[in-house]
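Participant: Shown below is the structure under consideration.
The values are calculated or read from the model by the stated rules, or taken from the named source; none is laboratory data. Computed from a predicted model, the values in this text were never measured in an experiment. Methodologically, a virtual Cβ is constructed for each residue, glycine included, from the backbone with ideal geometry; neighbour enumeration extends over all protein chains shown. Heavy atoms of the whole protein, side chains included, go into the accessibility calculation; ligands, DNA and RNA do not. Shrake-Rupley method; radii C 1.70, N 1.55, O 1.52, S 1.80 Å.
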Amino acid sequence: MFDALAERLEDTWKKLRGQGKISQSNIQEALQEVRKALLEADVNFQVVKSFVAEVEKNALGAEVISGVNPQQQFIKIVYDELVKVMGESNAPLAEADKPPRVVLMAGLQGAGKTTATAKLALYLQKQKRSCLMVATDVYRPAAIQQLITLGTQISVPVFELGTGANPVDIARQGLEEAKNKGIDTVIIDTAGRLQIDQEMMAELAQVKDAVNPDEVLLVVDSMTGQEAANVTRSFHEEIGITGAILTKMDGDSRGGAALSIRTISGQPIKFIGVGEKVEALEPFYPDRMASRILNM
Amino acid sequence: IGQGPLNQNAIEQIEAMLYSADVGYEATEYIVNTLQNKLKEESIASEDAIASLKEILQQVLDEPLQKLTKTEFEPEAGKLNIWLLTGVNGVGKTTTIGKLAHLAKTSGYNCVIAAADTFRAAAVEQVKVWGERTNTPVIANEGKNTDPAAVVFDGINAAIARNADILLVDTAGRLQNKKNLMEELAKIRRIIDKKAVDANIESLLVLDATLGQNGLKQAQVFSEAAQLTGVVLTKLDGTAKGGVALGVSRDLGLPIRFIGAGEGIEDLRPFSSYEFVEALLS
Ligand SMILES: Nc1nc2c(ncn2[C@@H]2O[C@H](COP(=O)(O)OP(=O)(O)OP(=O)(O)O)[C@@H](O)[C@H]2O)c(=O)[nH]1
Ligand SMILES: Nc1nc2c(ncn2[C@@H]2O[C@H](COP(=O)(O)OP(=O)(O)OP(=O)(O)O)[C@@H](O)[C@H]2O)c(=O)[nH]1
Ligand SMILES: [K+]
Ligand SMILES: [Mg+2]
Ligand SMILES: [Mg+2]
């Protein structure tokens, strides 16, 4: 684990050989390496700043552990801080006080919302929970057809009113349908939108008001760079998210967006998408993500 | 970072601008060093550093064009032009195909689209909507999991039969670390080379402006499989700056040809390094 960061820190620590303790002056180069590693992993620039400051504080306050060299100790401090920020343990999907449970998917264009909607439905279905998927994306060409195709693949019904209806009405009626049929979980797929598109953000807020969701999941592409921070901030401030799904983790991106999402919203990442197929959804584990971000 | 007229404070400000635009650590280091040298050599006051910075950034983006005999991006007359669009999942390939079909149509060219994403749910339906919007024939094979190379083959035949000027090829999104999918793409490219020997081929990688440093790896691996000749940078209507394009331009010498700035049919513009750099630093 952390081979690359450890390797890079090697040179830094060579100079410190014989110095048993982490100090303000001998730690600066090491902090610089951490900063570089996080920037290369696409952690937001501002988030890197506050993270590195926290690591510095922790490192300076750290007790010297006999038998452990300062390099190992320092790397452990960085790793522990990453895990801590990312939430320590897996956060499961929220339950509803009274069924149906409502999950609202949101995010930028192409992030993976529609695919994640089907993946989550299949995931829940395997736990013997019945699902209804609601197609409110009336904008993207063939978006409804995409959800219907996925629904057929996994044998989960899709509620849709075509492209002529209003997304708020579709969501409301979809929820009614689920209530009538005694369905356990309703997952609402929405159109992709930019966080600066006021009209589309207002529409999403209306959908939210109409269905009063138990979960609002921000779907974020794990290859996203600095923008993950802005997207999270706006969606959280304007809509209020309760968690996130990080998609396309089967790629080789380092996924620094995870740290930005968590730091800025304070909300947990709940699932990761690990493939194009409907089975490719896994719970999110903070320790694995910390390794991924640091391991180069 | 390198010695030069800029003080620590100024360097940090410039770094902050570049990092937050996804230029990345290495490219930022290169740019700041180049800037320091330029200021020193040309005795430019550090107050004028931003103007010099803009020059350097534009140079990086314009450099790939220097090697070309023809710098404009346009179909060659009297020939079949094949424009192959590739990239990772969800970046905007299909939408760009629609926009390009519209642009080609309104410029008087005869177009055919090959719907070679035979994998994603409703991918063919999506591209067909764009075909209807632009009144462009779409060659598709409705069968499940059909070979995309076969669709491309049919597309080339149809384009030749219709005497089309341009064949637009939409491909499935694929992550560059998937060996089998990259091999499938290489096969598509081989079919094009073999079947359309006289065609003028543009192989365009679609990059999403929200992408971080993974965009560099994408460009490297897609370059090999699809023999890229250029880049389309999408979703610049958001606040993401698309700074990874600088690294792609520098590392791979690929010119950026178009930018996508919206989901509408007209939201495609030729790339301007001047406008891009102004937006990047704003
Ligand atoms: N490799 C991989 N591809 C994924 C994953 N999740 C989604 N995709 C792909 O990403 C692309 C976009 O996914 P969609 O589900 O259509 O994304 P969306 O957010 O609904 O897009 P819009 O509705 O247009 O905003 C598709 O090609 C999906 O197959 C994943 O975890 N891994
Ligand atoms: N805001 C904005 N959205 C865009 C732009 N280009 C494409 N999109 C949207 O991004 C999403 C994905 O676009 P597609 O064209 O389906 O992307 P793709 O690369 O073909 O996706 P896959 O085939 O699934 O890999 C859709 O919601 C598009 O409307 C753009 O320039 N700006
Ligand atoms: K994306
Ligand atoms: Mg969708
Ligand atoms: Mg597509």
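Participant: If you take the charge dipole of chain A about its Cα centre, with +1 on Lys and Arg Cβ and -1 on Asp and Glu Cβ, which of A:273, A:67, A:198 is farthest toward its positive end?
Facilitator: The residue sitting most towards the positive pole is A:67.
Participant: Mean separation of Cα pairs under 8 Å and 6+ residues apart, divided by the residue count of chain B: what relative contact order is that in percent? Mind dumping the intermediate values first?
Facilitator: Details: 506 pairs, mean separation 67.1, N = 282.
Value for chain B: 24 percent.
Participant: Accessible area lost on pairing B with A, both sides, 1.4 Å probe, Å² to nearest 100? Walk me through the intermediate numbers first.
Facilitator: Numbers: alone 13230 and 13410 Å², together 23520 Å².
About 3100 Å² of accessible surface is lost on pairing.
Participant: Counting only protein heavy atoms and a 1.4 Å probe, tell me what percentage of the stretch A:93-196's accessible area is made up of carbon and sulfur. Each step should come with its number before you reach the end.
Facilitator: Numbers: 1930 of 3950 Å².
Result for the stretch A:93-196: 49 percent of the exposed heavy-atom area is carbon or sulfur.
Participant: Now a separate question. Hey, rough spin-label estimate for residue A:179 and residue A:80, points 7 angstrom out along Cα→Cβ, what's it come to in nanometres?
Facilitator: Between residue A:179 and residue A:80, the simple spin-label model gives 5.0 nm.
Participant: What angle do you read, to the nearest 10 degrees and between 0 and 90, between the alpha-carbon axis of helix B:179-195 and the longest principal axis of chain B?
Facilitator: Here the helix axis deviates by roughly 70 degrees.
Participant: Nearest 20 debye, what's the magnitude of the dipole of the protein assembly as shown about its Cα centre given +1 on Lys and Arg Cβ and -1 on Asp and Glu Cβ?
Facilitator: Working: 60 positive and 76 negative charges, 256 e Å.
So the dipole magnitude of the protein assembly as shown works out to roughly 1220 debye.
Participant: Ignore the peptide's own chain and count Cβ atoms of other chains within 10 Å of each Cβ in A:30-43; give me the average, rounded. Spell out each step's value before the answer.
Facilitator: Numbers: counts 0, 0, 0, 0, 0, 1, 3, 1, 1, 8, 5, 4, 8, 1.
The shielding value for this peptide is 2.
Participant: Which whole-number percent gives the relative contact order of chain A, counting Cα pairs below 8 Å spaced six or more residues apart? Walk me through the intermediate numbers first.
Facilitator: Numbers: 550 pairs, mean separation 75.4, N = 296.
25 percent.
Participant: Based on the Kirkwood radius over alpha-carbon pairs, what is the Stokes-Einstein translational diffusion coefficient of the protein assembly as shown at 20 °C with 1.002 mPa s viscosity, in µm²/s?
Facilitator: Numbers: Rh = 25.1 Å.
My calculation gives 85 µm²/s for D.
Participant: What dipole magnitude, in Debye to the nearest 20, does the stretch B:104-192 give about its Cα centre under +1 on Lys/Arg Cβ and -1 on Asp/Glu Cβ? Don't skip to the answer; put the middle values down first.
Facilitator: Numbers: 12 positive and 10 negative charges, 49 e Å.
Dipole about the Cα centre, nearest 20: 240 debye.
Participant: Normalised by the empirical 2.2 N^0.38 Å for globular proteins, what value does the Cα Rg of chain B take?
Facilitator: Scaled against compact globular proteins, the figure is 1.07.
Participant: Quick one: helix A:70-85 against the long Cα principal axis of chain A, what's the angle to the nearest 10°, folded into 0 to 90?
Facilitator: 20
Participant: Still on this structure, please answer the following. What residues in the stretch B:186-212 lose 10 Å² or more of accessible surface when the other protein chains are added to their chain alone (1.4 Å probe)?
Facilitator: Residues meeting the cut-off: B:210, B:211, B:212.
Participant: Which value, in Å to one decimal place, does the Kirkwood hydrodynamic radius take for the stretch A:198-296 when every pair of different Cα atoms is included?
Facilitator: Values: mean 1/r = 0.0714 Å⁻¹.
So the Kirkwood estimate lands at 14.0 Å.
Participant: Relative contact order, percent, of the stretch B:17-96 when contacts are C-alpha pairs under 8 Å separated by at least 6 residues? Display every interim value, and only then the final one.
Facilitator: Numbers: 23 pairs, mean separation 12.4, N = 80.
15 percent.
Participant: Further, regarding this structure: From the square roots a ≥ b ≥ c of the eigenvalues of the alpha-carbon gyration tensor of chain A, which class results: rounded (a/c under 1.5), prolate (a/b over b/c), or oblate? Write out the running numbers ahead of the final one.
Facilitator: Values: a/c = 2.72, a/b = 2.43, b/c = 1.12.
Verdict is prolate for chain A.
Participant: Where only protein heavy atoms count, and the probe is 1.4 Å, what is the accessible area per residue for the protein assembly as shown in Å²?
Facilitator: On the way: 23520 Å² over 578 residues.
Per residue, the protein assembly as shown has 41 Å² of solvent-accessible surface.
Participant: In the stretch A:211-260, carbon and sulfur make up what percent of the accessible area (probe 1.4 Å)?
Facilitator: On the way: 400 of 1040 Å².
Carbon-and-sulfur percentage of accessible area, whole number: 39.
Participant: As an exercise, use a Förster radius of 35 Å and the Cβ-Cβ distance of residue B:200 and residue A:139 to find the FRET efficiency, rounded to the nearest 0.05.
Facilitator: On the way: r = 35 Å, r/R0 = 0.99.
E between residue B:200 and residue A:139, to the nearest 0.05, is 0.50.
Participant: May I ask you to list the trypsin sites (Lys or Arg not before Pro) in the stretch A:54-132 that are in a DSSP loop and have at most 10 other Cβ atoms within 10 Å of their Cβ? All intermediate terms of the calculation are to be shown ahead of the outcome.
Facilitator: Details: sites: A:57, A:76, A:84, A:101, A:113, A:119, A:126, A:128, A:129; in loops: A:128, A:129.
Those satisfying the criteria are A:128.
Participant: Run through the DSSP bridge list for the stretch A:203-296 and note the antiparallel percent, rounded to the nearest 5.
Facilitator: Working: 3 of 11 bridges.
About 25 percent, rounded to the nearest 5.
Participant: So, one more: Using a 1.4 Å probe on the heavy atoms of the protein chains only, list every residue of the stretch B:106-141 that has 30 Å² or more less accessible area in the complete assembly than in its chain alone.
Facilitator: Buried on complex formation: B:119, B:120, B:121, B:122, B:125, B:126.
Participant: To continue, here is another question. Say we join alpha carbon atoms closer than 10 Å with springs in a Gaussian network model of chain A; which of A:230, A:26, A:90 then has the biggest fluctuation?
Facilitator: A:26
Participant: How large a share of the accessible area of the stretch B:42-166, in percent, is made up of carbon and sulfur atoms when the probe is 1.4 Å and the other protein chains stay in place?
Facilitator: Details: 2670 of 5630 Å².
After summing per-atom areas, the C and S share lands at 47 percent.
Participant: If you don't mind, another one. Would you please name the GluC sites (Glu not before Pro) within the stretch A:40-148 that are DSSP coil residues with at most 14 other C-beta atoms within 10 Å of their C-beta?
Facilitator: Listed in order of number, the matching sites are A:63, A:88, A:95.
Participant: Report the calculated FRET efficiency for residue B:50 and residue B:269 (r = Cβ-Cβ distance, R0 = 30 Å), to the nearest 0.05.
Facilitator: Working: r = 25 Å, r/R0 = 0.82.
Efficiency computed from Cβ-Cβ geometry: 0.75.
Participant: I want to verify a result. In a Gaussian network model of chain B, Cα cutoff 10 Å, which of these has the top mean-square fluctuation: B:225, B:77, B:101?
Facilitator: For chain B, modelled as a Gaussian network with Cα springs under 10 Å, the answer is B:77.
Participant: Give me the percent of DSSP beta bridges within the protein assembly as shown that run antiparallel, rounded to the nearest 5. List each step's numbers first, then the result.
Facilitator: Working: 7 of 57 bridges.
Percent antiparallel among DSSP bridges in the protein assembly as shown is about 10.
Participant: For a test of the definition: using alpha carbon positions, the gyration tensor, and the 1.5 limit on a/c, classify the stretch B:8-158 as rounded, prolate or oblate. It would help to have the intermediate numbers written out before the result.
Facilitator: Details: a/c = 3.42, a/b = 2.30, b/c = 1.49.
Prolate is the answer for the stretch B:8-158, as a/c is 1.5 or above and a/b outweighs b/c.
Participant: While we're here: Using only Cα atoms, tell me the angle between helix A:3-14 and the longest principal axis of chain A; keep it within 0 to 90° and round to the nearest 10.
Facilitator: 20
Participant: Oh, and also: Answer rounded, prolate or oblate for the stretch B:86-236, using the Cα gyration tensor with square roots of eigenvalues a ≥ b ≥ c: rounded when a/c is under 1.5, else prolate when a/b is larger than b/c, else oblate. Can you show the working numbers first?
Facilitator: Working: a/c = 1.44, a/b = 1.28, b/c = 1.13.
Rounded.
Participant: Given the Cα-Cα distance of residue B:109 and residue B:77 and 0.36 nm per residue of separation, how much length would full extension add, in nm? Please report the intermediate quantities before stating the final value.
Facilitator: Details: separation 32, 0.36 × 32 = 11.52 nm, distance 0.96 nm.
Result: 10.6 nm gained on full extension.
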